[in-house]
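> Okay, handing you the structure first.
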Ligand SMILES: Nc1ncnc2c1ncn2[C@@H]1O[C@H](COP(=O)(O)OP(=O)(O)OP(=O)(O)O)[C@@H](O)[C@H]1O
Ligand SMILES: [Mg+2]
């Protein structure tokens, strides 16, 4: 679906945020990107959206090289929606309704279609009650929800979320995850960066660990967390359930099954430990 | 103070058709600027202020603060127009730093004219800014086939002003919370730091914002959601009557007042 081939990207001040990175994302995947502060997650996302131009290396979208022409970029951005890490940088309009409809207006949708989609997004994120408020008076979490709604309405094939769980209350996060799972069921490709290993473990089907602009490891969640060296190097920690399993040496019982899920572990623990 | 445009969305006239408000502001502005009297701008100022305060229900304190802003510059300008060095037919004069500053009847008249004209025009513009969201102004200008480049520039400059104010506000709060303004010396230092960093930070914020716009398929042409408004026959009638009377008055009173 989208592919980076040996891409290096430097900021104007020569900080290499992404170094010789290759990454292939297939349609319908559900990927979490883990990595400490400054690992290059946000920079990677801006590369995938064609906002940053690859210094060396190439970006492919649906098998075609993205040449950074106006047409290519529009095509790419139409299909890849990115929710920025900081909603303050994303929110542009003064009213919530205007903000959410901004992308649709750019794509010149019909007025009633826009209204239907915005109303639907307002409902999904449960922010219909703040739709009349000016955006600069919203709380940070509310801004975050508005910025997510602004991307959801565009109905992109690939949804990229940069730490969507930061600053949201637990109920909202779990609602958001349900929403993302729904979208995934409908065939969307979802890419999410997060600092929450527990969330990454329970949600993702594939995890990419980054550090200093390179990919340390890319694989199934259980592959990632069974590699303690990588976890340590990337300044991460083990998911709570997984850690318990390691302490009880349970994960070794799953030798024949490479992809141990959170639910598997919980089931096993329940079966063997509860009286 | 930063969020002038908040009122554009929440005033009592928010449901009035923007074209009506736009034409009232613009027609009155033209008549005020074109008039050669003191009387006409004074009427515009009075009526516009009354509409802003009573019809749109903008708080008096807020409006007064807004007026104070240009008044500061206006006084400097008016003062320099009113006074001349060593005028012949002066009314009064002041001796200051060895120079004789004189005020003549004609220069005083000119100064008062400029003053009322400026206040009248400012009240028209404030009426526009306080009751019509900028997006609606863009939509209207678009209908008049204004070049897209100009509109993009308008929106971006507008947004940038807010970003600068907001950044300033944030830096100030952050400095204050860390005792940046405890005494004169510290205030001086903090203020100089604020001024030097506000533009750099604003530029970075602006760049990030532009990235976010681009990622949502923005190509330089702003398309804003257009709310449905209804024209009101009464409003249109009142606007035309008001501006008609004002125009007639300025026509018949040319140079009289
Ligand atoms: N505009 C910029 N100019 C110069 N350097 C930058 C810029 N933005 C980011 N960097 C640098 O690039 C590196 C990667 O930053 P990036 O924002 O991609 O990290 P991240 O993984 O998203 O971190 P976080 O978890 O803190 O959001 C960092 O070292 C950062 O200092
Ligand atoms: Mg980041």
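Each reported figure results from applying straightforward, stated rules to the coordinates on display, with no laboratory input. Remember, it's a predicted structure, so these values are computed and weren't measured experimentally. All Cβ positions, glycine included, derive from the backbone under ideal geometry; neighbour counts span all protein chains shown.
> So what is the 222 nm mean residue ellipticity for chain A from helices alone, if each DSSP H run of at least 4 adds -39500 (n - 2.57) and you divide by all residues, rounding to the nearest 500 deg cm²/dmol?
Helices in chain A give a 222 nm mean residue ellipticity of -12000 deg cm²/dmol.
> Who wins for biggest fluctuation among B:174, B:118, B:232 in a Gaussian network model of chain B, springs between alpha carbons below 10 Å?
Most flexible of the set in this elastic network: B:174.
> Give me the percent relative contact order of chain B, please, defined on Cα pairs under 8 angstrom at least 6 residues apart.
Normalised by residue count, the contact order of chain B is 32 percent.
> Let me ask something else. Could you tell me the ratio Rg/Rh of the stretch B:58-153? Both radii from Cα atoms, Rh via Kirkwood.
1.19
> Follow-up question, since we're still on this one. Can you tell me what share of the DSSP beta bridges in chain A is antiparallel? A percent to the nearest 5 is fine.
Of the beta bridges lying entirely in chain A, close to 55 percent run antiparallel.
> Moving on. Counting only helical runs of four or more DSSP H residues, what would the 222 nm mean residue ellipticity of chain B come to if each run contributes -39,500 (n - 2.57) and the total is spread over all its residues?
Taken over chain B, the calculation gives -24000 deg cm²/dmol.
> For chain A, what does the relative contact order come out to in percent, with C-alpha contacts under 8 Å and a separation of six or more?
24
> Would you work out if the protein assembly as shown is rounded, prolate or oblate? Take a ≥ b ≥ c from the square roots of the eigenvalues of the alpha-carbon gyration tensor; rounded if a/c is under 1.5, else prolate when a/b is larger than b/c, oblate otherwise.
prolate
> Using the C-alpha atoms of chain A, what convex hull volume per residue, in cubic angstrom, is computed?
148
> Quick one: angle between helix A:96-106 and the longest Cα principal axis of chain A, in degrees between 0 and 90, rounded to 10, please.
80
> Among A:205, A:243, A:163, which one shows the biggest mean-square fluctuation in a GNM of chain A, springs joining Cα atoms closer than 10 Å?
Its mean-square fluctuation being the largest, the pick is A:243.
> Shape of the stretch B:107-257 from its Cα gyration tensor (a ≥ b ≥ c, root eigenvalues): rounded if a/c is under 1.5, otherwise prolate when a/b > b/c, or oblate?
Oblate, since a/c reaches 1.5 and b/c is not below a/b.
> Work out the mean other chain Cβ neighbour count within 10 Å for the residues of A:103-116 and drop it here as an integer.
3
> Over the stretch B:147-226, what per residue volume does the convex hull of the Cα atoms give, in whole Å³?
Looking at the stretch B:147-226, the number lands at 111 Å³ per residue.
> Let me ask another. Ranking A:192, B:241 by Cβ neighbours within 10 Å, fewest first, what do you get?
Ascending number of Cβ neighbours within 10 Å: B:241, A:192.
> Quick check on the exposure proxy: order B:243, A:13, A:181 from fewest to most C-beta atoms within 10 angstrom.
Placing the least packed residue first, the sequence is A:13, A:181, B:243.
> At what distance in angstrom do the alpha carbon centres of the stretch B:36-76 and the stretch A:162-214 lie from each other?
Measuring centre to centre over Cα atoms gives 53 Å.
> Moving on to the next point. Of all beta bridges DSSP finds with both residues in the protein assembly as shown, what is the antiparallel percent, to the nearest 5?
About 60 percent, rounded to the nearest 5.
> Counting other beta carbons within 10 Å of each residue's own, what order do B:205, B:178 fall into, fewest first?
B:178, B:205
> Another question about this same structure. Return the FRET efficiency for the residue pair residue A:65, residue B:227: r is the Cβ-Cβ distance, R0 is 45 Å, and the value is rounded to the nearest 0.05.
0.60
> Averaged over peptide B:6-17, how many Cβ atoms belonging to another chain are found within 10 Å of each residue's Cβ?
If you average over the peptide's residues, the count of other-chain Cβ atoms is 2.
> Find the relative contact order for the stretch B:147-226 and round it to a whole percent, using C-alpha pairs within less than 8 Å whose residues are 6+ positions apart.
After rounding, I find 47 percent.
> Within 10 Å, count the other beta carbons around each residue, average over each peptide in B:34-42, B:189-197, A:84-92, and list them highest first.
Sorting B:34-42, B:189-197, A:84-92 by mean packing, highest first, produces A:84-92, B:34-42, B:189-197.
> To continue, here is another question. With springs connecting C-alpha atoms under 10 Å apart, model chain A as a Gaussian network and identify which of A:110, A:149, A:204 has the largest mean-square fluctuation.
A:110
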